[in-house]
1. Residue under question is L271, and the condition is that it be crowded, with 18+ Cβ neighbours inside 10 Å and assigned by TED's automatic domain parsing to the domain that holds N145; does it hold?
2. Any chance region 240-260 includes a residue that's surrounded by fewer than 20 Cβ atoms within 10 Å (Cβ to Cβ), of a type in the set (A, V, I, L, M, F, W, C) and touching a residue at least 12 places away in the same chain (Cβ under 8 Å)?
3. Is it fair to say G126 is on the phi > 0 side of the Ramachandran plot, among the small types (G, A, S), assigned by TED's automatic domain parsing to the domain that holds R41 and loosely packed, with under 15 Cβ neighbours inside 10 Å?
4. Going through region 219-246 one residue at a time, which ones are small (G, A, S) and part of a helix (DSSP H, G or I)?
5. Can you name the residue in region 189-218 that is assigned to a loop (DSSP other than H, G, I, E, B) and in contact with a Leu (Cβ under 6 Å, 6 or more places away or on another chain) and is also surrounded by the fewest Cβ atoms within 10 Å (Cβ to Cβ) among such residues?
6. Go through G22, G42, G29 for me and flag whichever is assigned by TED's automatic domain parsing to the domain that holds E61, under 16 Å from F90 (Cα atoms), touching a helix residue (DSSP H, G or I) at 6+ places or on another chain (Cβ under 9 Å) and among the small types (G, A, S).
7. What's the number of the condition R146 fails, among (1) within 27 Å of R333 (Cα to Cα); (2) touching a residue at least 40 places away in the same chain (Cβ under 8 Å); (3) of a type outside the set (G, A, S)?
8. Within region 1-56, restricting attention to residues that are touching a Pro at 6+ places or on another chain (Cβ under 9 Å) and β-branched (V, I, T), which residue is surrounded by the most Cβ atoms within 10 Å (Cβ to Cβ)?
Amino acid sequence: MDQAKTSQFADKIFSDMAGAMGMGMAYLGVKTGLFKVMAERGPVTTGELAAALGMIPRYVEEWLLGMTAAGYLECDSQAGTFSLPEEHAFLLASEGTDHYAGGLPYGAISFLWAAPRVARAFRDGGGVDFKEFPEDCHAALDLMNRGNYDNRLVPAWMREMPTVTDALNGGGSALDVGCGAGRVSLNLARAFPRARFMGVDTDPRSIKLARAEADKAGLAERVEFVAGTIDSLPPRLKFDLITLCDCLHDLGTPEETLGMIRERLTPDGTLFIMEPKAADRPEDNRNSVATMFYGFSLFHCMTQSLAKGGPGLGTCMGPARTEALIREAGFTRFKRLPIKSRVNLFYEVRA
C-alpha cells in the first residue's frame, strides 16, 4: 500500500468534511443575514455584529471564528475585527444577481437532510418525495436559480431563439413545466406584454409561492399557475414555447411528460430545456461542479423520481443521454445552444 497516497486521501477526507461544515456555517450566514450586514458595515467586532442583528454574542463569535478558519472571512487580531472581503461579498451578499451563491448553502442543508432516508432507500427501494423535504428546500431552489432567471433568461437565453421571441412579441403563449416559484413565467411576462403565460407544477407549496410572487409583481392577471400536471390544463391549449428548466431529470414519467409537451406545442413551437452541466463520460466529471451535482442527484433529484416509481434519470444525464431521451419522445430536431455557463447546458428542441 502506498502510504503517501493514503495520507493524501486522508487530507481530502478532512478537506471534504471541512467543506461540509463550511456549507453549514455559510447557511447560518445567509439565513440570519450575517453576511449581508458584514458586507454593509466593513470590519466589525463580535459585539458590534451581534448588536446589529440582536443576536447572542457567543454564537456570533464562534461563527466568525469558524468562517475565518474556512476562508470566508478575514480577521485583524490586533483590532479584534472581522470582515467579509468585497470579492466574497460579491457571491454571498448579492441576492438577486446572476452571480449570487447564497442558495448553495441552503441547498446543502436541505438536501443532506434527506441522507438517512436515502440510505434506507438503498436497501428498501423507493426514495424521498419532494413533498417530504423541509420548507428551506423551496427557498434553496429559488435562491439557486432566481438570479439567472431574473438577469439572463430574457436578455441572453431567449436571444438565442429568435423564432420564439418573434412569436411572443406577436402575442403568443408559453408554458413553464415544473415552474417552482414561477420565476421563468414572470420574467417572460415582463418582457413580452402581449403574450400569455402559464406555469404548472405538481407541488402545491410551489404553486402557492408562484401565485404570491405574481401578486407581488402585479402580474396575476397575465400569468396563471396551475397545481398538477400538463394534462390538468384545458385540452385544446397550445403553446409557442414550453420550458423545462432544471427539472427534466427530476420527472417521474419523463417519456410521458415529453410526449404531452410535444402534443401541446404549436406546429412551429419550441421546447427550451436547461439541465445541469455534466459530461457524458464519467472520467470527464472529476470536478467540483459534477461532484456537487451527483450529490444533488442522490439527495434530491434522483431520489424524488424513484419515490414516484420513476426511472431516476439523475442530475448528471449529459448531452448524449438527454438527446436520446428527447428523440425517443418523438422530437426530430435537437440543438445545443451556445450559451456560456459554468453549471448549465441549454437545448432547443422542436417536433
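The values are calculated or read from the model by the stated rules, or taken from the named source; none is laboratory data. This is a predicted model, so every value here is computed, not measured. Neighbour counts run over all protein chains shown; Cβ positions are idealised from the backbone, glycine included.
1. Details: crowded, with 18+ Cβ neighbours inside 10 Å: yes; assigned by TED's automatic domain parsing to the domain that holds N145: yes.
Yes, satisfied.
2. Yes, region 240-260 has at least one match.
3. The answer is no for G126.
4. S232
5. Only one residue tops the list, namely A195.
6. On inspection, the qualifying residue turns out to be G29.
7. (1)
8. V30
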